[in-house]
Every structure is written in C-alpha cells, then in structure tokens.
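The values are calculated or read from the model by the stated rules, or taken from the named source; none is laboratory data. Everything quoted here is computed from the prediction, not taken from an experiment. Because the Cβ atoms are built from the backbone with ideal geometry, glycine has one as well, and the counts that use them run over all protein chains shown. For accessibility, only protein heavy atoms count, side chains too; no ligands or nucleic acids. Shrake-Rupley method; radii C 1.70, N 1.55, O 1.52, S 1.80 Å.
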Amino acid sequence: MDAEAGAAAAQQLPWRQHYRNLLLLAYQSFGVVYGDLSTSPLYVYKSTFSGRLRQYQDEQTVYGVLSLIFWTFTLVPLLKYVIIVLSADDNGEGGPFALYSLLCRHAKLSLIPNQQAADEELSTYYRDGFAAQHESSPWLRRFLEKHKTVKTGLLVVVLCAASMVIGDGVLTPAISVLSSMSGLQVRATGLQERSVVLLSCIVLVGLFSLQHRGTQKVAFMFAPIVIIWLLCIGGIGLYNIVHWNPNIYQAISPYYIVKFFRTTGTDGWIALGGILLSMTGSEAMFADLGHFTSASVRLAFITIIYPCLILQYMGQAAFLSKNMFHTRTSFYDSIPGPVFWPVFVVATLAAVVGSQAVISATFSIVKQCHALGCFPRVKIVHTSRWIHGQIYIPEINWILMVLCVAVTVAFGDTTLIGNAYGIACMTVMLVTTFLMSFIVIFVWQKNIIFALLFLLFFGSIETVYLSSSLMKVRQGGWVPLVLAFIFMSVMFVWHYGTKKKYQFDLQNKVSMRSILSLGPNLGIVRVPGIGLIYTELVTGVPAIFTHFVTNLPAFHEVLVFLCVKSVPVPYVQPDERYLVGRIGPKAYRMYRCIVRYGYKDVQRDDENFENMLVMSIARFIMMEAEDVSSSASYDIANEGRMAVIRTTDDAGTPLGMRDLGGLAESISTTRSSKSESLRSLQSSYEQESPSAGRRRRVRFELPNEDAMDQQVKDELLALVEAKHAGVAYIMGHSYIKARRSSNFVKKFAIDVAYSFLRKNCRGPSVSLHIPHISLIEVGMIYYV
C-alpha cells in the first residue's frame with residue numbers, strides 16, 4: 001500500500017512545481033531557440049526595399065509590406081510551427097531528421113542497412129497510441145515501401161534540408177552580426193563599410209572560438225539578453241506607433257496585400273524575398289525542441305516573442321510611413337536618441353545569441369547525419385554532463401568560421417547575404433511541410449485529405465516565397481545552392497560508399513556450416529583472452545575473421561563479434577542498449593553482442609565498457625540456462641536469436657565485481673597471458689594516456705553456488721579467466737575499390753571521392769574509443 005501511495009503521489013505533481021518548471025524552461029528557451037527569430041527586425045525592411053520596390057516609396061506600399069509581414073508571421077511561425085509542427089516531435093526531439101526518423105519507423109522507409117526486427121521492440125520505437133490496423137491509407141504505405149527509388153528520393157530530400165541547415169550555420173552569423181554592426185554608421189557617419197566588415201569579422205572569430213566551452217552556459221547567460229532585447233524592440237515599436245502613425249494598425253487588413261500587388265506587380269513579388277526574412281529562425285523552434293518541451297516553447301512564443309516582434313514591425317512601418325528615405329537603416333533610425341547606444345549594445349549581443357543557436361543546431365544535424373551513415377566520422381565532444389545532446393564538433397566549427405568570414409568579406413552587405421539566407425531557410429521549411437504531410441498520414445493516422453490540405457496550404461505559401469528568392473540567385477542567392485551541393489555530395493558519397501561496403505560484407509560472410517565443420521577449436525590454436533571482433537553485420541561471421549585466421553592461425557579462447565550500430569530513434573534506454581546472442585554450440589565460446597545507439601546519443605569513452613560487456617554475456621548465459629524452451633543441443637535454425645540484457649538491474653547478477661584500485665597492476669599481471677615486454681609497453685601507454693589510466697580496474701569473481709549447473713559454471717569460469725587474461729580489439733582496415741567493370745561515375749565516387757573522405761576523417765578505432773595498445777587491425781581490400 002505504501003508503495004502504491006508513493007507512486008500515486010509521484011504521478012500527481014503539485015501544480016505549482018509543474019508551472020515553475022514550465023516557466024524555467026520557457027525562460028531558458030530564449031537563449032537557445034529564439035535568438036535568430038528575434039533579430040530579424042534588424043534587416044527585414046532594408047532587404048525588402050533594396051530592389052525595385054524603391055520606386056514605390058509611399059505610405060500605401062509600407063502598409064502592404066507590413067500586412068504581408070503580419071500575416072506571414074502569423075500563418076507560418078504561429079499557426080504552422082507553434083500550433084501544428086511542434087506536436088510532431090520524436091520522443092521530444094525535433095527537426096527534419098526527427099520527422100524522417102518517425103517515418104522510417106512507422107512506414108519502414110529507412111535505408112540504414114543493418115536494421116533488425118528486435119529494434120522495433122524498443123520502448124521509444126513507435127509513437128504512443130500507434131496501431132497499424134487503424135491506418136487510413138495502406139495503399140500509399142505499400143507504394144512507398146515497395147519502390148526503392150522513392151526511399152532514395154526521400155533521403156535526398158532530407159539530406160538537402162540538412163545541407164541547407166549547415167548553410168544557415170554559415171549565413172546566420174554573417175547577416176546577424178553584420179546587421180547589428182551596421183548601426184555604428186548611423187551615429188559615426190564617417191565610418192566606412194570596410195571598418196564595419198572588419199569589426200564583424202572580429203566578432204565572428206571570437207564567437208566561433210568560444211564554441212568549445214559548450215552552449216549550456218552561453219544559453220543560460222544569454223536568455224536575459226534576448227528577453228531584454230525583445231522588451232526593448234517591443235517598447236520602441238510601441239513608441240513609434242504612437243509618435244509617428246497611430247493608424248498603422250489598419251495595415252493588418254489583408255486588403256492592403258491585394259492593393260500592394262496591384263500596384264507593384266512583379267516588383268512586389270520579387271520583394272517577397274526580403275519579407276520572408278521575418279520568419280527565418282522559425283525552424284529553430286522545432287529543431288532545438290530536444291532541450292525543452294513543446295509547452296515551454298509555445299508559452300515563450302505566444303507571451304513575449306509574438307507580441308514584441310509584431311509591435312516592432314508595426315513601429316518600423318509607422319516610422320517609414322513618415323520617413324520613406326530611411327529604408328537602409330530604418331531600425332536604428334527609428335530608435336529614440338537617448339536610448340540608441342544601449343539598444344545598439346543589446347542588439348550586438350542578441351545577434352551573437354542568434355548565431356549561437358544556429359551553430360548549435362548545425363552541430364546537432366551533423367551528428368544526426370553521421371548516426372544515419374550519411375556523414376564522415378568527426379570528433380564529437382560532449383560539452384555538458386547534465387544536459388544530454390549538448391555537443392561540439394571542432395572540424396565543423398572551424399569550417400563554419402572560415403566560410404562565415406569569407407561570406408562576410410566577399411559580400412559586405414546584408415541585402416546580398418539576405419538573398420542567400422532566404423533560399424536556405426525556405427528550402428528547410430518546405431521540406432518540413434513535405435515531411436509533415438506524411439507524418440499526418442502514417443504517424444498521426446489521419447485521413448489523407450488533412451495531409452493534402454496541410455501540404456497545399458503551407459506548401460503554396462512557402463513555394464511563392466521560395467520562387468521569389470530564386471529570382472535573386474545572381475545577387476547572392478547562389479551561395480546556399482553551392483554550399484548545399486557540396487555538403488550533399490559529401491553526404492551522398494559517404495552513404496553510397498558505406499552501403500556498398502556493408503553489402504560486400506553481407507555477401508561474403510562466412511556460413512555457419514563451414515564454422516561448424518571446423519569443430520570447437522575452429523581448426524586453430526585458441527589462446528587465453530577475449531577477442532572483440534568489430535563488424536557491421538548483425539548476423540553471420542564476417543569475412544575479416546577468416547582473413548585473419550588464414551594468415552595467423554590462432555585466436556582467443558572467447559570470441560565476441562561486436563556490432564555498434566545506430567537505430568532511427570533519438571535515444572536508446574541503457575536497459576535496452578545491449579543485445580547478446582550465441583554463435584554456434586556452447587563449446588565454441590563464440591558470442592554476438594549488438595550495442596545500439598540513437599541518432600542523438602553520444603558514444604562516450606565509457607570506462608566500464610569491457611566490464612559491462614562481460615557482465616552482459618554472463619547474464620545471457622544465465623538467461624539461456626533458465627530458458628526451458630532452449631534446446632540442450634545446438635540447432636542452426638536458432639542462429640541469430642538475441643536477448644535484450646538489462647545493465648542497470650543488479651538483481652540476478654551471476655558474477656561479483658571487486659574493485660582493485662591501486663592493487664590492480666600487481667594482481668592482474670600474475671595471471672595475465674601477456675609477455676613481460678607487452679606488460680611494460682602497456683604500463684607506458686597507460687602513463688602517457690590519461691583516459692587509459694582512469695579506467696576502472698575490477699576483478700570478476702564467480703560465487704560458490706552449489707545449485708548452479710556445472711556446464712553453466714564452467715562457461716562462466718572460462719569467461720572470467722579470459723577477461724583476466726586480457727581483451728584484444730580486432731578491426732578491419734579496409735581499402736575499398738570499384739570493380740574494373742564499373743562505369744566512370746562509380747569509379748570516381750568510390751576510388752576518388754569516398755577514398756578521399758575516408759583518408760581525411762577520423763578512423764573508426766578513434767571514433768569507438770578503442771585503446772591503441774589492445775588494437776589489432778586486419779587489412780582487407782573490398783571490390784564493390
């Protein structure tokens with residue numbers, strides 16, 4: 001009864017605590033989510049009136065522009081994202097890859113090769129309330145799952161969105177910082193454009209140089225800056241409405257949109273490329289959802305973001321309606337003189353915050369691409385112990401910095417950068433709309449009519465804006481297209497080469513019948529220790545094993561075929577991470593272990609990995625012994641059966657662990673099979689490598705239980721002795737070549753592009769945190 005009462009009390013949290021957490025998350029969201037969206041007033045009107053719209057500098061044109069901004073900001077950020085899209089989270093995660101992950105699980109559209117049925121049993125795999133029998137359009141599902149071309153096309157669309165997000169990471173800091181710095185020219189009239197560009201570059205270099213410290217502290221400190229910024233621009237907007245044109249509220253009427261296009265025609269349509277900048281940053285609300293909750297993001301937007309930005313846009317319009325020749329610096333010209341410098345300082349800081357949010361989103365999208373096998377291996381640093389998903393990628397950071405400074409120096413004008421920025425943002429929004437239409441059908445299981453209405457309504461709005469932006473390709477719009485092409489080429493080539501390598505492994509794996517024909521010793525000398533053979537296969541024995549024993553006919557007493565793979569869910573619970581199975585009869589001492597990570601999980605250098613692996617295998621041995629349905633004799637038909645091993649539950653632990661501390665070296669070396677020279681080499685390595693020296697040293701002990709089956713006890717004892725003898729990591733060092741019969745495109749993709757990426761990215765042993773002293777690499781040539 002006490003336990004039930006405690007569970008009930010835990011479920012019914014006090015309303016005060018609930019709202020306190022909601023307000024705290026909403027406060028923190030300002031520093032991460034809304035920096036980009038809140039700095040848009042710096043350059044929207046300048047970009048809108050930069051082209052032929054200068055010929056229509058009258059009050060009615062300003063009314064039309066304001067009406068377009070109001071309805072665009074209401075329909076896309078508020079209606080589409082805040083009300084609809086935020087509900088399509090993937091276990092709390094957002095962004096294009098989150099939507100793609102949901103589709104891959106609910107409609108089986110994934111192209112990740114080593115997926116298995118056991119992945120569908122993950123607690124986070126299906127959305128709550130999902131039932132396949134309630135599907136409204138089964139014919140559409142069958143069509144998409146049947147045609148591989150459709151799956152490839154969907155992946156290309158998602159990669160296009162990911163490439164544009166990376167493009168945003170280049171363009172957002174450039175346009176935000178340059179726009180804020182241009183305010184200096186309002187007061188310092190003698191300041192040249194070169195000086196503004198130079199100051200902007202200094203700020204940008206400083207911003208990217210601080211990324212290694214992580215975004216948690218930056219976001220928490222910058223949240224009050226964004227709030228102060230929003231309150232400032234909201235108050236200034238209200239002042240300008242009262243001071244310059246109290247009737248500006250009439251522009252909310254859609255009548256002025258019709259009148260605007262009647263008057264301006266094609267010139268007004270081209271000017272939409274500037275108006276769309278008012279909603280740039282909307283995608284960040286969804287992409288950065290993983291750090292907050294949808295309720296907190298909605299609360300922040302509706303209570304502060306929306307009213308403050310609308311007041312600012314209306315205030316600028318009121319100022320411009322009476323001062324039409326101030327369009328180039330309308331934001332800073334509309335600031336009352338006494339508060340100019342404080343607002344300028346806050347604007348500069350807010351621009352840095354907006355840049356920080358997009359840079360963090362870029363790191364996340366690269367991590368997700370890498371997890372899905374679509375990006376080369378890069379160094380991923382986890383910058384926070386408490387907030388999951390806060391990461392820093394050095395290589396991407398410095399590439400973004402170089403490209404960002406190059407764009408700032410090359411263009412030096414926010415109008416040209418805005419043309420590029422608009423194309424990147426609208427492409428991502430259009431892809432989100434496209435993916436959301438499938439989410440409505442397959443995940444929410446609504447009628448296809450609702451999906452079509454969503455696609456037609458928002459898709460038509462975004463297509464019009466995108467078509468306007470594409471008209472400015474020559475005026476800077478080519479930048480995101482070039483960047484997207486480069487990053488898409490890298491992603492697609494890496495995905496293609498990785499897939500071909502996996503197919504080669506799958507086609508050349510060793511049959512179990514040939515393994516069984518060798519007997520328990522496999523026809524080789526079995527030496528003490530555990531051999532961890534890394535492979536991407538989830539079934540069968542990889543060709544690297546036979547390649548190794550052919551050249552060196554000796555292997556370890558216990559063999560573990562280890563597969564570290566990604567699954568299309570954001571996070572995998574620790575109790576669901578390990579899958580363990582057996583290869584061959586018990587006498588062979590061969591096991592398979594699959595370690596599963598989500599696309600947002602960070603594979604840390606876990607000091608206890610070896611110990612957890614041994615404990616997981618021991619638990620599997622005990623589970624297998626308790627399973628009455630398992631046959632005492634080996635059946636090849638049961639090959640591939642795996643069991644999920646819980647790692648956090650200490651109940652039923654078959655082995656005891658004793659922490660050796662400082663006595664580890666003296667005790668472990670007494671029974672180690674390693675030679676004196678190898679032990680000396682390992683000691684030197686541990687002294688030079690801090691991470692190796694910090695590894696927890698334990699000794700496994702087999703409890704004396706008379707009730708335990710003798711065969712099980714012997715197998716556990718062999719496992720413990722093998723662990724004490726040492727663990728070796730065996731990994732393939734592959735050289736991938738295209739076959740001679742391949743066409744020119746394939747040869748270029750494999751022999752040149754993929755080979756270049758493999759040589760210049762991090763090695764797999766480094767990415768998997770394998771200690772070099774225990775690593776054995778086996779060279780192999782793959783002809784794909």
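Some observations on this one:
- Subset of the range 448-475 that is hydrophobic (A, V, I, L, M, F, W, C) and touching a Ser or Thr at 6+ places or on another chain (Cβ under 6 Å) - its residue that is farthest from Val85 (Cα to Cα): Ile448
- For the range 376-392, the condition holds for no residue, the condition being that it is small (Gly, Ala, Ser), at pLDDT below 85 and either in a strand (DSSP E or B) or open to solvent by 10 Å² or more (accessible area, probe 1.4 Å) (or both).
- Scoring Pro77 on the criteria (1) within 25 Å of Ser566 (Cβ to Cβ); (2) modelled with pLDDT of 80 or more leaves a single failure, condition (1).
- Lone unmet requirement of (1) buried (at least 19 other Cβ atoms within 10 Å of the Cβ); (2) without any contact (Cβ under 8 Å) to a residue 12 or more places away in the chain for Lys146: (1)
- Considering residues of the range 525-554 that are open to solvent by 40 Å² or more (accessible area, probe 1.4 Å) and of a type in the set (Val, Ile, Thr) only, the residue modelled with the highest pLDDT: Val527
- Residues (assigned to a helix (DSSP H, G or I), over 14 Å from Gly268 (Cα atoms) and not hydrophobic (A, V, I, L, M, F, W, C)) located in the range 445-473: Gly459, Ser460, Glu462, Thr463
- Meets criteria (at pLDDT below 85, surrounded by fewer than 24 Cβ atoms within 10 Å (Cβ to Cβ) and in a loop (DSSP other than H, G, I, E, B)) for Leu13: yes
- Elements of type strands (runs of 3 or more DSSP E) contained in the range 687-784, each with 1 or more residues being open to solvent by less than 30 Å² (accessible area, probe 1.4 Å) and at pLDDT below 80: 698-701
- Condition check for Glu93: open to solvent by 50 Å² or more (accessible area, probe 1.4 Å) and either over 13 Å from Val440 (Cα atoms) or modelled with pLDDT of 80 or more (or both): no
- Condition met for Arg596 (open to solvent by 60 Å² or more (accessible area, probe 1.4 Å), touching a strand residue (DSSP E or B) at 6+ places or on another chain (Cβ under 8 Å) and either of a type outside the set (S, T, N, Q) or modelled with pLDDT under 80 (or both)): no
- Any hit, the range 294-303, residues being in contact with a Lys or Arg (Cβ under 9 Å, 6 or more places away or on another chain), assigned by the TED database to the domain that holds Leu210, within 24 Å of Pro173 (Cβ to Cβ) and open to solvent by less than 10 Å² (accessible area, probe 1.4 Å): no
Rundown of residues vs (1) open to solvent by less than 20 Å² (accessible area, probe 1.4 Å); (2) of a type outside the set (Gly, Ala, Ser), yes/no style:
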position	(1), (2)
Phe457	no, yes
Met471	no, yes
Ala484	yes, no
Met488	no, yes
Ser511	no, no
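- The condition of being under 18 Å from Ser566 (Cβ atoms) and either modelled with pLDDT under 85 or of a type in the set (D, E, K, R) (or both) holds for Arg604.
- Flag for Glu557 being acidic (Asp, Glu), within 20 Å of Met780 (Cα to Cα), open to solvent by 20 Å² or more (accessible area, probe 1.4 Å) and not assigned by the TED database to the domain that holds Leu372: no
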